[in-house]
Amino acid sequence: DTAVSQTPKYLVTQMGNDKSIKCEQNLGHDTMYWYKQDSKKFLKIMFSYNNKELIINETVPNRFSPKSPDKAHLNLHINSLELGDSAVYFCASSQDRRGVDTQYFGPGTRLTVL
Amino acid sequence: RKEVEQDPGPFNVPEGATVAFNCTYSNSASQSFFWYRQDCRKEPKLLMSVYSSGNEDGRFTAQLNRASQYISLLIRDSKLSDSATYLCVVNPYSNAGNMLTFGGGTRLMVKP
């Protein structure tokens, strides 16, 4: 069984479009995250939700809007896509919000903006 | 200065070799430390946590030096399957929540 799943795995789209990436975890964790890994392979946190409540919102353009309908899901909607948004986006989850336990990552969504 | 710095490598080693990676972090208030492994085009996965007293898991040994603010990972008897990127991860500690900071990774290639 997949612990953290994301869809789609690949996303190719034109500049200016709006797209969503979905994430679900079946681990019963309270905390979920979105990370961006750019072409230089640096993994940076974008958002963190604990039990559907936003707890971390890093300096991310407001074109990016996370939504957590319940604690098992954290979706990412991106408006007006730009070339610089091309990256791999990872969803992750953990039981604890304090940073002391394992984060489990989804397989990633490779976004290419043309 | 980056918050978490690693030598990107690649480290090219023969099978059976011992290899060590270091990582430095800038925030002296950091509380939790980890090594994650990321295979090519895959997601990161926890390799091991790093404890103040140092810890070992099979062929892998992690050490933490708080005074010098660095973390190390030692891999003994390298296997081909150890080829991957090793990410040093630090929790700089914030009441706002779990904000792990990742290094850029060190690439290891183990050759036959």
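Some observations on this one:
- Residue ID - farthest from the other protein chains (Cβ to nearest Cβ), chosen from residues in segment B:68-81 that are crowded, with 20+ Cβ neighbours inside 10 Å and farther than 18 Å from B:Gly103 by Cα: B:Ser78
- Residue match in segment B:95-103 (condition: within 12 Å of chain A (Cβ to nearest Cβ), surrounded by 13 or more Cβ atoms within 10 Å (Cβ to Cβ) and part of a strand (DSSP E or B)): yes
- Residue check, A:Leu81 modelled with pLDDT of 90 or more, part of a loop (DSSP other than H, G, I, E, B) and surrounded by 15 or more Cβ atoms within 10 Å (Cβ to Cβ): yes
- Just so you know, in segment B:49-67 the residues that are in contact (Cβ under 8 Å) with a residue 12 or more places away in the chain and not in a strand (DSSP E or B) include one that is farthest from the other protein chains (Cβ to nearest Cβ), and it is B:Arg59.
- Selection status of A:Ser48, polar (S, T, N, Q), buried (at least 22 other Cβ atoms within 10 Å of the Cβ) and touching a residue at least 24 places away in the same chain (Cβ under 8 Å): yes
- B:Gln38 vs. criteria over 19 Å from A:Gln103 (Cβ atoms) and at pLDDT 95 or above: no
- For A:Asn62: the one exception among (1) of a type outside the set (Gly, Ala, Ser); (2) more than 14 Å from every other protein chain (Cβ to nearest Cβ); (3) assigned to a strand (DSSP E or B): (3)
- Identity of the residue in segment A:88-103, over 14 Å from A:Ser20 (Cα atoms) and hydrophobic (A, V, I, L, M, F, W, C), that ends up farthest from the other protein chains (Cβ to nearest Cβ): A:Ala92
- Filtering A:Leu54, A:Leu81 for residues that are more than 22 Å from B:Glu43 (Cβ to Cβ), touching a Ser or Thr at 6+ places or on another chain (Cβ under 8 Å) and within 14 Å of chain B (Cβ to nearest Cβ) leaves a single hit, A:Leu54.
- A:Val113 within 24 Å of B:Cys88 (Cβ to Cβ), of a type in the set (Val, Ile, Thr) and either modelled with pLDDT of 95 or more or touching a Pro at 6+ places or on another chain (Cβ under 7 Å) (or both): no
The values are calculated or read from the model by the stated rules, or taken from the named source; none is laboratory data. Nothing here was measured: the structure is a model prediction, and the numbers come from that model. Reconstructed Cβ throughout: ideal geometry from the backbone, glycine too, with neighbour counts over all protein chains shown.
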